[in-house]
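Okay, so here's the structure we're looking at.
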Amino acid sequence: MKVLFGICGSISAYKAPWIARELIRLGAEVRVIMTPDATRFVTPLVMQNISKHAVVTEAFAPEHQENGSWHVHWARWADLALVAPCSATTLAKMASGQADNALTLALLSLPRSTPLRLAPAMDPDMWLHPSVQRNLQQLEQDGALILPPQEGELASGLVGPGRLAEPLHIAEWALRPSLKGKTVLITAGPTREPIDGVRFISNHSSGKMGYAIAAEASSRGARVLLISGPVSIAAPSGVEILRVETAREMFAACQQHFSQADILIKSAAVADFTPARVATGKLKKDQLGQDWSIQLEKTNDILQWLGQNKRAEQYLVGFALEIQDAEQNARAKLQRKNCDLVVLNQANQPDSGFGGDNNTITLIGPELKQAWPPLSKQACARRLWDFIEGSLGLS
Ligand code: CTP
């Protein structure tokens, strides 16, 4: 595998020599292009020694000219292009098709069929800036695969998303996106069951866990269908989102799309009951008396339906939110709903369940109980996919 390896200006460029080494160790041939700012953090000499190829840092350097179009030849030489670390500036340039330095020039010359993998690194406020998110979305639409930065302590002293992933992880991800070719269906968030035109029954699910699972699947190369109840967080870039409100709508969307999916993850907090009748307009309290009650009827259990209708090769993951007899109840759900795996959360514990940024998960399988420590929902998503990939022999 011939890899065109681009490096941008970021303190995390200190990891670039290791990334090149890991790529080579995994069997790749590597040619390096550096932006002018990248050379302030790591020298071209180091990269040249590791890659055993001349390093391009300047588009017009006479020694690289091959009839004036070295960038075209280099771009066509590559089976794959990887930029790590990828800066906010280079993301912006690529998203708008600029070619004002050696790296952006070569990347713009990349044939459309050549995979492009980007591993951004920057401070959290930069990463979360709407312009950066917009550029990422654009690049994903254009076909790039993005490895989101990890959360943690950054060189600036800040803590948050922005850390460049570890070199071996980047090299493996670049050479073997583990979920490439797989379609994943994920449900997330709560459902809303209307009482009348202005009121509804719902729950505290924020959608954060399901959205993190969707983002991670997308960064591993999967096609992701995210069926989402109403939440206030932004859709991860690169996923196909289908927005629903009620349990009935979520059921219909799952029925419509489930046959396309290789892996199904039901993290949504679906209402078990819905008002039997929905009043039009607004119910007036004066007309309802002192002890008004709503008649509820059971919704369809979507997970159970998926378990009954799935093909043998489809991998089905359910969630279980429990308060008492957690493991026993999760095992009962695993069996009753014919799941391959149940992700158990305990609702009454800190760092667990709805709303927060962390989760404490226990995996329950037919022969399995694996309890994890409290982790950020992003870290839970990574571990969950590592586990599923291991179970399916994908990693
Ligand atoms: N689920 C579903 N459809 C429903 C209710 C739940 O698909 N109508 C799914 C959830 O998405 C989750 C799993 O079933 O993956 C377990 O949800 P949970 O609320 O823990 O359990 P319930 O089956 O609703 O059972 P109970 O309320 O008795 O705990």
*Can you give me the pair-distance distribution of the range 256-334, C-alpha pairs, 10 Å bins, whole percents?*
14, 33, 25, 18, 9, 1
*Using only the Cα atoms of the range 191-244, each taken as one equal point scatterer with no solvent, compute I(q) by the Debye sum, divide by I(0), and report log10 of the ratio at q = 0.13, 0.23 Å⁻¹.*
-0.37, -0.85
_Can you compute 3J(HN,Hα) from phi for each residue in the range 228-234, using the Karplus curve 6.51 cos²θ - 1.76 cosθ + 1.60 with θ = phi - 60°, rounded to whole Hz and x for Gly and Pro?_
10, x, x, 9, 9, 9, 6
*Computed over the Cα atoms of the range 130-182, what is the ratio Rg over Rh, Rh following Kirkwood?*
1.03
_What is the angle, in °, between the Cα long axis of helix 247-257 and the longest principal axis of the Cα atoms in the chain? Nearest 10 is fine, range 0 to 90._
50 degrees
*Accessible surface of the chain [probe 1.4 Å, protein heavy atoms]: carbon and sulfur percent*: 48 percent
*Starting at 0 and stepping by 20 Å, how many percent of the alpha carbon pairs of the chain end up in each bin?*
26, 48, 22, 4, 0
*Neighbourhood net charge (15 Å Cβ-Cβ; Lys/Arg +1, Asp/Glu -1) for GLY281*: +3
*When only the heavy atoms of the protein chains count and the probe is 1.4 Å, how do GLU140, GLU151 rank by accessible area, highest first?*
GLU151, GLU140
*Could you state the angle between the C-alpha long axis of helix 326-336 and the longest principal axis of the C-alpha atoms of the chain, as a value from 0 to 90 degrees rounded to the nearest 10?*
90 degrees
*Roughly how many debye, to the nearest 20, is the charge dipole of the chain about its Cα centre, given +1 on each Lys and Arg Cβ, -1 on each Asp and Glu Cβ, and no other charges?*
560 debye
*By accessible area of protein heavy atoms, probe 1.4 Å, what ranking do ARG243, ARG163 get, highest first?*
ARG243, ARG163
*In percent, what relative contact order does the chain have, based on Cα pairs under 8 Å that are 6 or more apart in sequence?*
11 percent
_Suppose we look only past 25 Å in the calculated P(r) of the range 35-133. What percent of the Cα-Cα pairs does that tail hold?_
19 percent
*Residues of the range 183-392: accessible area per residue at 1.4 Å, in Å²?*
48 Å²
*Which translational diffusion coefficient, to the nearest whole µm²/s, is obtained for the range 81-181 from the Stokes-Einstein equation, given a Kirkwood hydrodynamic radius over C-alpha pairs, 20 °C and 1.002 mPa s?*
153 µm²/s
*Between beta-carbons, use under 14 Å as the cut-off and find the net charge around ILE50, counting Lys and Arg +1, Asp and Glu -1.*
+3
*List, in order, the whole-Hz ³J(HN,Hα) value for each residue of the range 58-71 obtained from phi through the Karplus relation with A = 6.51, B = -1.76, C = 1.60 and θ = phi - 60°; use x for Gly and Pro.*
9, 4, 9, 4, x, 5, 9, 5, 10, 6, x, 9, 4, 4
*Note down the relative contact order for the range 183-392 as a percent, whole number, built from C-alpha pairs under 8 angstrom at least six residues apart.*
20 percent
*Kirkwood hydrodynamic radius of the range 183-392, Cα pairs, Å*: 17.7 Å
*Determine ³J(HN,Hα), in whole Hz, for all residues of the range 203-212 in sequence, where each value follows from phi through the Karplus function 6.51 cos²θ - 1.76 cosθ + 1.60 and θ = phi - 60°; x replaces Gly and Pro.*
9, 8, 4, 9, x, 4, 5, x, 5, 5
_Above 26 Å lies some portion of the pair distances; for the range 2-175, what is it as a whole percent of all C-alpha pairs?_
21 percent
_Over the chain: helical MRE at 222 nm, DSSP H runs n ≥ 4 each giving -39500 (n - 2.57), nearest 500_ = -9000 deg cm²/dmol
*Cα-Cα P(r), the range 183-287, percent of pairs per 10 Å interval*: 16, 44, 26, 11, 3, 0
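The values are calculated or read from the model by the stated rules, or taken from the named source; none is laboratory data. Since the structure is predicted, the reported quantities are computational estimates derived from the model, not experimental observations. Don't worry about glycine lacking a Cβ; one is built from the backbone with ideal geometry, like all the others, and counts go over all protein chains shown. All accessible areas refer to the heavy atoms of the entire protein, side chains included, with ligands and DNA or RNA removed. Shrake-Rupley method; radii C 1.70, N 1.55, O 1.52, S 1.80 Å.
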